[in-house]
Amino acid sequence: MYDKPQFEFPEAVRELAERNVEQARSAYNQFIEMARKVQETLSASQGAMTSGAAEMQTQIAKFAEQNIQASFAFATELSRARDLKEYIEIQQRYAQKQMQAFAHQAHVLGRLVSEAAQKAQAR
């Protein structure tokens, strides 16, 4: 009976893919932690920061939508990869873009928290 040869990803490729996933996961976890801290801060000073809270909620929703759209675009691009090299390049680009996006989002949210706190102190 004829056995088809099994294609196995080399160890280096598997390690690279795992590192990319871990980097993306780490960036995502940092973003989520920042969002949780923002929510805790808002809850603690709810009355004085109501307008700032609304602005932050709007911005968080925009960021969530951007991240979801980026994930769909990533999945679509991966599905069109012609070979393993292209597949890995797509993963690397996505991980880098998402880490940059999460860093930007954390910066924006941090700025919004600072602005809301300053407004609350001015009252």
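The values are calculated or read from the model by the stated rules, or taken from the named source; none is laboratory data. It should be emphasised that the depicted structure is a prediction, and the values quoted were computed from it without experimental measurement. Here the Cβ is made from the backbone with ideal geometry for all residues, glycine too, and neighbour counts use every protein chain on show.
Observations on the model:
- Residue 85 without any contact (Cβ under 8 Å) to a residue 24 or more places away in the chain and assigned to a helix (DSSP H, G or I): yes
- Only one of 11, 22 that is at pLDDT 65 or above, exposed (fewer than 13 other Cβ atoms within 10 Å of the Cβ), farther than 14 Å from residue 113 by Cα and more than 22 Å from the chain's Cα centre (by Cα): 11
- Qualifying residue in segment 35-56 (condition: modelled with pLDDT of 85 or more and surrounded by 14 or more Cβ atoms within 10 Å (Cβ to Cβ)): no
- Only one of the listed residues (59, 100) is part of a helix (DSSP H, G or I), surrounded by 14 or more Cβ atoms within 10 Å (Cβ to Cβ) and either within 19 Å of the chain's Cα centre (by Cα) or modelled with pLDDT under 85 (or both). That residue is 59.
- Any chance residue 91 is closer than 13 Å to residue 60 by Cα, surrounded by 15 or more Cβ atoms within 10 Å (Cβ to Cβ) and polar (S, T, N, Q): no
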